[in-house]
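The values are calculated or read from the model by the stated rules, or taken from the named source; none is laboratory data. Worth saying up front: this structure is predicted, and the values here are computed from it rather than measured. When we count neighbours, we look across all protein chains shown, and the Cβ atoms used for this are built from the backbone with ideal geometry, even at glycine. Heads up: the accessible areas ignore ligands, DNA and RNA and are worked out on the full protein's heavy atoms, side chains in. Shrake-Rupley method; radii C 1.70, N 1.55, O 1.52, S 1.80 Å.
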Amino acid sequence: MMQNINNWHSLDQNDVLNKLNSSEDGLSSEEAEARLKKYGPNKLQEEKKKSLIVRFLMQFNNLLIYVLLAAAVVTALLDHTIDTVVILGVVVINAIIGFIQENRAQNAMDAIKKMLAFQATVLRDGSKQKIDSQSLVIGDIVFMKPGDRVLADIRLLEAHGFSAQEAPLTGESVAVEKSSKKVASDAIIADRSSMVFAGTTIAGGQAKGVVISTANNTELGRISKMLSSVEVLTTPLVEQMDKFAKYLTFFILSFSLLIFLIGHFVKGLPFNEAFMAVIGLFVAAIPEGLPAVLTITLAVGIQAMAKRNAIVRQLPAIETIGSVSIICSDKTGTLTQNEMMVSSVVTYKEDFKVDGAGYEPIGNFYIKNDKVDINKHEILNFLAKASLLCSDTLLKKEEESWKIEGSPTEGALITFAHKIGFDADEVRRAFKRDDMIPFDSKHKFMATLNHSHEGESLIVIKGAAEIIIKMCQYEYIDKNSKKEINTAYWEDKAKELASEGQRVLALAYKKVPHDKSALDFADLKDELILVSLFGLIDPPRPEAIEALKECYSADIDVKMITGDHLLTATAIGRTIGLKNCENVLSGADIEKMSDKELQSAVLQTDIFARTTPEHKLRLVKAFQAHSKIVAMTGDGVNDAPALKRANVGIAMGKSGTEAAKESSEFVLTDDNFASIVSAIKEGRKVYDNIKKVISWTLPTNAAEASVIIVAIFFGMVMPITPIQILWANMITAITLGIALAFEDEDKNIMKRSPRAIDEPLLSRDLIWHIIYVTFLFLIGVFGAYYYAVQSGATIEYARTLALNVLVFLEIFHLLYIRNLNIIDLKLKDILANRVVWSAISIIVVAQIAITYVGFLQKVFATNSLELFDLILIFVICIFVFVLLESEKQIRLRVFSKSL
Ligand code: ATP
């Protein structure tokens, strides 16, 4: 019934609440539960997921598989049953691996999506709670603030300076003002200013409203009934490799055909033999597993980053973050703990110190180390009350620990008020708030208009000290007396506190006539009485100090961009070990500079204080003008442009708005600077591993294929049969190829400079590496084969030896690739990584089986090798490893070039 009404915008608020069976106090949790059952969860219908079987079958939809299936048919027709079975084995194993990898990737993506779920602040059972957007029901009372994503269609009940960005719905990019006043019933969506709609974002102000429709019944749900949920796990590099693999397949297909023609018609190989050789060549040459292994490398990377509290929202960023050369970080909460506590209170004649721990409302007050009786200082009582009125944050005790819901700056003030003995609820009930100017980092203060039942009416304002001081004409002596303000005194005190690293706030007030019901900026122009300064401490995060050191060793510059005071920022900068705390630029300085001047100043400056979010955008541009790859953190709705513009935008998961998250590539679940550095480390690792996978796969394929090409071209006997090549390809691809995706980070990963963002994957050095490895492998395989033949062994024996040399060379090549960038190679670097060693163990067992088990000997035409030849295999492998390592050492040491 409720869902059928569609003129909520033109109804009176009480009518709306009545029709929805709700009230200003919200729903009870039982009622909400019942409604959730009745109307279903608040989410748009998603496309149905494909079933497991369909997803498995889709693995066969691949050019390589078609060719292999065709080959299986031909070999079956030719009565080569064993070959048919082996080829089908390759096909099935390939599909299974593709399937498992795809699943893993999908799971990684799903987990991320869950972590990024939206939350709404609602009134349930009479108190404010955060709930999952899916549990939002019709009739819920919702609170909204700037940056929030609107999660359902909502009729506004109260709105202060409220506006919403409705582009997703109306296409209008300018924010539209909203109010709780009803509008004409024929108003079009864009004119329904008494409503906000799902999918839009709050641009400014604060509001309270009631949910009138959810899920597919919202306006957004109506226009996009079917939202596709299909997302592919890929990045530009992986796409590039994917394309490359496709071209390569076509090229190899044509090339194989050519080799077949040469083999059969020019060299006179029988059809059967030439055909099988070309199938072997085809399978060996194509890096069929490569795209899947790269995908799994990304999936592993995403999971590792999520574990370290960095969630990737836009996949290409996994690559970009590894090459970040400058991190622009907020101070509060990112470099500091964001657990603020009032530690100093300065009044017109006294300096109080306050002690305590966190948000626990217990602490003593001191003047010059002497404990004071708070009851003897009326000003403290006044301050406590005023602080509670001019703030929205709640203080709660949860499982023995005190927590806040809201801003830590306000949390500190509220805790201070509780220490004095006031209860937030009581004070806020006694002095009803009629209007407010919400806090904005642009004007850096917040003001409220309150009326008591006894007829007392006042405006309270709190904010950045130097701004409030300038706004005041008087200073507080007691409730009934004031005197002209001594600006110099207050400014000196504010500086004193700031240079100790404290965030300095000031609180002022004025009395107003009782009939005043609206508050606006003009009301703050005169008659304000400054009551006190608050000095808030916010200790640095110890892990940020460590992370900062790591950044410097990795040649990454760190810039602190803060809304806080210059002196506070400098003191914190020094404590955490920021390199250059002498040159500080303020928001005002930045404003005076042209873009050119800013560009020439930014690199030498590490602290930007008293900035507004608009400055962040200019700073990002200035750094980018120096070709820097910039990571920028942000939380507010106004940070969105800078986050978008930065190469890697990083939003705060805890304190960040949805608007900031939506403009970012990463979301930090713990708001911690150290997590950014972990993500960079992971990003570097993912790139390294992608590179390792490619650097291992391509030469391996080239070498396997070359064995066949060389044999056919020079009319030699095949040193390894095509079916054996299929075996080698399969057994190594499913073990070694995948193991590299799980490779740990290089030990020098944070001691290297950031990689150039446009570095090509298939560099000239990598191509050289492919040629070099192919050459060494060919010598190893043909050498072993001819050595065995010369010593009178059967051709089967010689081939078994050559096959084992090939497979073990691949293992040693992998051990080499694992430490591609390490100059001071130690034995433990070679031996690390359990996944690699599990893969190697599987291969060793498989090779023992194919070499010594009678049944397999028949299938693959192999022979048992003697001990001496087993030793020979290792000697060859170690020799090749040394040659590979020597080339690397020369390349890294002499030419400073990595692959
Ligand atoms: P950072 O940029 O380092 O993360 P921040 O984001 O907390 O710091 P802003 O939120 O822009 O910085 O705050 C700037 C100044 O505004 C603070 O230094 C403080 O003086 C004042 N301020 C912060 N929060 C409030 C609030 N809730 N009410 C009034 N004033 C505030």
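Structure notes:
- From the options GLU466, GLU398, residue that is within 14 Å of the ligand (Cβ to nearest atom) and charged (D, E, K, R): GLU466
- Yes/no for THR700 being open to solvent by less than 10 Å² (accessible area, probe 1.4 Å) and of a type in the set (Ser, Thr, Tyr): yes
Every residue, every condition in (1) part of a loop (DSSP other than H, G, I, E, B); (2) away from the ligand (no atom under 16 Å from the Cβ); (3) over 20 Å from ILE459 (Cβ atoms), yes or no:
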| residue | (1), (2), (3) |
| --- | --- |
| LYS331 | yes, no, yes |
| SER344 | no, no, yes |
| LYS349 | yes, yes, yes |
| GLY356 | yes, yes, yes |
| TYR359 | yes, no, yes |
| ILE362 | yes, yes, yes |
| ASN375 | no, yes, yes |
| ASN381 | no, yes, no |
| LYS385 | no, yes, no |
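- Hits in the range 583-602 (condition: open to solvent by 50 Å² or more (accessible area, probe 1.4 Å) and among the hydrophobic types (A, V, I, L, M, F, W, C)): ALA588
- Only listed residue being within 11 Å of the ligand (Cβ to nearest atom), touching a residue at least 24 places away in the same chain (Cβ under 8 Å) and open to solvent by 30 Å² or more (accessible area, probe 1.4 Å), chosen from ASP440, ASP434: ASP440
- Consider the range 568-602 and keep the residues that are in a loop (DSSP other than H, G, I, E, B) and free of Cβ contacts under 8 Å to residues at least 24 places away in the same chain. The one that is farthest from HIS443 (Cα to Cα) is GLU582.
- Selected residue (criterion: surrounded by the most Cβ atoms within 10 Å (Cβ to Cβ)) from residues of the range 533-563 that are more than 16 Å from the ligand (Cβ to nearest atom) and charged (D, E, K, R): ASP557
- Residues of the range 575-622 that turn out to be among the polar types (S, T, N, Q) and in contact with an Asp or Glu (Cβ under 8 Å, 6 or more places away or on another chain), as a count: 2
- One residue alone among ALA292, ALA306 is surrounded by fewer than 21 Cβ atoms within 10 Å (Cβ to Cβ) and touching a residue at least 60 places away in the same chain (Cβ under 8 Å), and that residue is ALA306.
- The residues listed here are GLU219, GLU158; of these, the one that is open to solvent by 30 Å² or more (accessible area, probe 1.4 Å) and either at pLDDT below 85 or of a type in the set (Gly, Ala, Ser) (or both) is GLU219.
- Failed condition for SER517, given (1) surrounded by fewer than 22 Cβ atoms within 10 Å (Cβ to Cβ); (2) part of a strand (DSSP E or B): (2)
- Restricting the first member to the range 448-468 and to residues that are in the same structural domain as ALA508 (by TED's automatic domain parsing), and the second to residues that are away from the ligand (no atom under 15 Å from the Cβ) and among the β-branched types (Val, Ile, Thr), the beta-carbon pairs closer than 6 Å and six or more apart or on different chains are SER457/VAL512; ILE459/VAL512.
- Set LEU809, LEU825, LEU870: member being assigned to a helix (DSSP H, G or I) and either open to solvent by 10 Å² or more (accessible area, probe 1.4 Å) or within 21 Å of LYS685 (Cβ to Cβ) (or both): LEU870
- From ASN689, ASN748, residue being in contact (Cβ under 8 Å) with a residue 40 or more places away in the chain, open to solvent by 10 Å² or more (accessible area, probe 1.4 Å) and more than 30 Å from ALA784 (Cα to Cα): ASN748
- Any hit, the range 171-181, residues being touching a Ser or Thr at 6+ places or on another chain (Cβ under 7 Å), of a type in the set (Ser, Thr, Tyr), free of Cβ contacts under 8 Å to residues at least 40 places away in the same chain and within 20 Å of GLN13 (Cβ to Cβ): yes
- Residue within the range 708-722 that is without any contact (Cβ under 8 Å) to a residue 60 or more places away in the chain and either open to solvent by less than 20 Å² (accessible area, probe 1.4 Å) or in contact with a Lys or Arg (Cβ under 7 Å, 6 or more places away or on another chain) (or both) present: no
- Some residue of the range 634-649 being touching a strand residue (DSSP E or B) at 6+ places or on another chain (Cβ under 8 Å), within 13 Å of the ligand (Cβ to nearest atom) and either modelled with pLDDT of 95 or more or open to solvent by 60 Å² or more (accessible area, probe 1.4 Å) (or both): no
- For the range 387-400, the set of residues classified as part of a loop (DSSP other than H, G, I, E, B) and open to solvent by 30 Å² or more (accessible area, probe 1.4 Å) consists of ASP392, GLU399, GLU400, listed by residue number.
- Total residues in the range 651-670, condition of a type in the set (Val, Ile, Thr), modelled with pLDDT of 90 or more and buried (at least 24 other Cβ atoms within 10 Å of the Cβ): 1
- Among the residues making up the range 571-590, those that are within 13 Å of the ligand (Cβ to nearest atom) and over 19 Å from GLU543 (Cα atoms) are SER586, GLY587.
- Output for the range 24-44, where each listed residue is among the acidic types (Asp, Glu), in a helix (DSSP H, G or I) and closer than 23 Å to ASN14 by Cβ: GLU31
- Restricting LEU530, LEU524 to those that are closer than 29 Å to THR487 by Cβ, among the hydrophobic types (A, V, I, L, M, F, W, C), crowded, with 23+ Cβ neighbours inside 10 Å and in the same structural domain as SER407 (by TED's automatic domain parsing) reduces the list to LEU530.
- Pair list, Cβ < 7 Å and 6+ apart or interchain, from the range 474-496 residues that are touching a residue at least 24 places away in the same chain (Cβ under 8 Å) to residues that are in a helix (DSSP H, G or I) and small (Gly, Ala, Ser): ALA494/ALA465
- Residues in the range 469-496 that are open to solvent by 10 Å² or more (accessible area, probe 1.4 Å) and within 13 Å of the ligand (Cβ to nearest atom): MET471, ALA494.
- Conditions (1) within 16 Å of the ligand (Cβ to nearest atom); (2) open to solvent by 10 Å² or more (accessible area, probe 1.4 Å); (3) among the aliphatic types (A, V, I, L, M); number of the one not met by VAL620: (2)
- Among the residues of the range 280-289, those identified as over 12 Å from GLY263 (Cβ atoms), open to solvent by less than 10 Å² (accessible area, probe 1.4 Å) and in a helix (DSSP H, G or I) are PHE282, VAL283, ALA284.
- The condition (being more than 30 Å from ILE629 (Cβ to Cβ), in contact with a helix residue (DSSP H, G or I) (Cβ under 9 Å, 6 or more places away or on another chain), among the aliphatic types (A, V, I, L, M) and within 12 Å of the ligand (Cβ to nearest atom)) is satisfied by just one residue among LEU507, LEU566, LEU530: LEU507.
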